[in-house]
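Shown next, in structure tokens, is the structure this report addresses.
A short reminder: the numbers here are calculations on the coordinates, not readings from a lab. Model, not experiment: these values are computed from the prediction. Every residue, glycine among them, receives a Cβ derived from its backbone with ideal geometry; neighbour counts consider all protein chains shown.
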């Protein structure tokens, strides 16, 4: 494809270190904040939270799902706003913030008495009024203490994928523009492991965010359509997590230059995933390509779409009696399915059926794919194993300490000790004199305490 002028992007969710590119799921939030568009940032954070929470089917009281969404959206917004380094604004920081500071800890309050507290709650509470993270956390924050703890545990389970160092590395930054397919020839490949379903939602989230960027690009153009039509080939669509508002996307995307190719083993997969919306989704598929199915309901739908034709039925009858013989012949017209459901299921493997709206169905030959071998370029696994995949993770308390140390260094440069804010830790580790400060020595001793 590169020889044909395409830029190839490959994200490998099976072996993340083999990916040619990187993708940061919360980049949309970070970019919106840089544009001072808090509404867009909040919407992006909630969209991510919704996708993560509903990566698996939720049953029971919806309060558990809404509470989990609230926690995830708040954590994403907290990281995106409070971290001063772009290298720390990613989902690994979100997960680390929860598991490090979302647990109950104890501290001494005097006279040998101890109290329990949750550092994360205190961090959220310390935010100024109207802070996006504080507003997002409101739903979970109003829940009883025990229920809130259940929210944290549920979210930790949903985000555990980002504890994988290779996934954390692949999603720690972004080196390509998601709207790029609508601007120039681009082929994006998502390698999704069928044996590890916990990673499927990452592919779904990538597709969802790409669609959002393409829609924004289309809306920015006078004709309301992207310059280059983009096709999303959703293989194993029935095994992918539910794409949010997919019934709406597939309905309006064609006018914007985005089309979806859905590949399923049977229509029951779509119904199981999307319920009543399945009819809307299949109804907006203008071209159906049938290869094979083992699902009776799917075979019946294909049979009905093919329609019927008129057949002539011949009838014969004869009567024999002693010294008497009579015979009659009749012909009747009746309708018959072009292919009955059982004939659909027995359709030969060297042919396919193409059904287009407003046209008659067509039988087409299917070429032997073995005659078109794919040239694979092997990846040197040794080089991948040596790749440094360590990720810079945001720690709010460490960031506070680093800020104080930075103030010390700045004061040392100007030799102005009045700019230093003294704390109990500093009093124990620093020799406050009028002599110039040895910053390296003071910083080293302070980091020993940390």
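A few points about this structure:
- Label-to-label distance, residue 125 versus residue 295, with points set 7 angstrom from Cα along the beta-carbon direction: 5.1 nm.
- 0 to 90° range, to nearest 10: angle between helix 200-219 axis and the chain longest Cα axis: 90 degrees
- Three-way shape call for the range 211-311 based on the alpha-carbon gyration tensor, with the a/c threshold at 1.5: prolate
- Taking every alpha-carbon pair under 8 Å whose residues sit at least 6 apart, the chain reaches a relative contact order of 15 percent.
- FRET E, pair residue 360, residue 59, Förster distance 60 Å, beta-carbon r, rounded to 0.05: 0.85
- Label zone at residue 86, where the point sits 7 Å out along the Cα-to-Cβ direction: the range 160-180 residues whose backbone N lies under 19 Å: 169-180
- Our helix-only sum for the chain, with -39,500 (n - 2.57) per DSSP H run of n ≥ 4 divided by its residues, gives a mean residue ellipticity at 222 nm of -12500 deg cm²/dmol.
- 14 Å cut-off, amide nitrogen to a point 7 angstrom out along residue 103 Cα→Cβ, residues in the range 140-163: 153, 156-157
- DSSP beta bridges in the chain [antiparallel fraction, %, rounded to 5]: 70 percent
- Extension gain from residue 187 to residue 22, taking 0.36 nm per residue of separation minus the Cα-Cα distance: 57.9 nm
- Candidates 310, 139, 204: whichever shows maximal mean-square fluctuation once the chain is modelled as a Gaussian network with Cα springs under 10 Å: 310
- Semi-axis lengths (Å, descending) of the ellipsoid that matches the C-alpha gyration tensor of the range 256-323: 44, 15, 10
- FRET efficiency for the residue 318 to residue 247 pair, using the beta carbon distance and R₀ = 51 Å, is estimated at 0.30.
- Relative contact order, whole percent, for the range 195-344 stands at 17, derived from Cα pairs under 8 Å and 6 or more residues apart.
- Between the helical axis of 63-82 and the longest alpha-carbon principal axis of the chain there is an angle of about 50 degrees.
- Ellipsoid equivalent to the range 120-188 - semi-axes via the Cα gyration tensor, in Å: 34, 18, 11
- When you count the other C-beta atoms within 10 angstrom of each residue and take the mean per peptide, 93-100, 70-77 line up highest first as 70-77, 93-100.
- Order by protection proxy (mean Cβ within 10 Å, highest first), peptides 174-185, 39-50: 39-50, 174-185
- Using the average count of surrounding beta-carbon atoms within 10 Å as a protection proxy, the listed peptides 219-226, 26-33, 294-301 rank, highest first, as 26-33, 294-301, 219-226.
- Of the Cα atoms belonging to the range 25-173, the radius of gyration and Dmax stand at 15.5, 50 Å.
- Relative to the longest principal axis of the Cα atoms of the chain, the long axis of helix 91-101 lies at roughly 50 degrees.
- Most mobile of 154, 166, 326 in a GNM of the chain (Cα contacts under 10 Å): 326
- Calculated FRET efficiency for the pair residue 349/residue 163, C-beta based, R₀ 56 Å, to 0.05: 0.80
- Rounded to whole Å, the principal axis extents of the Cα atoms in the chain read 139, 55, 48, largest first.
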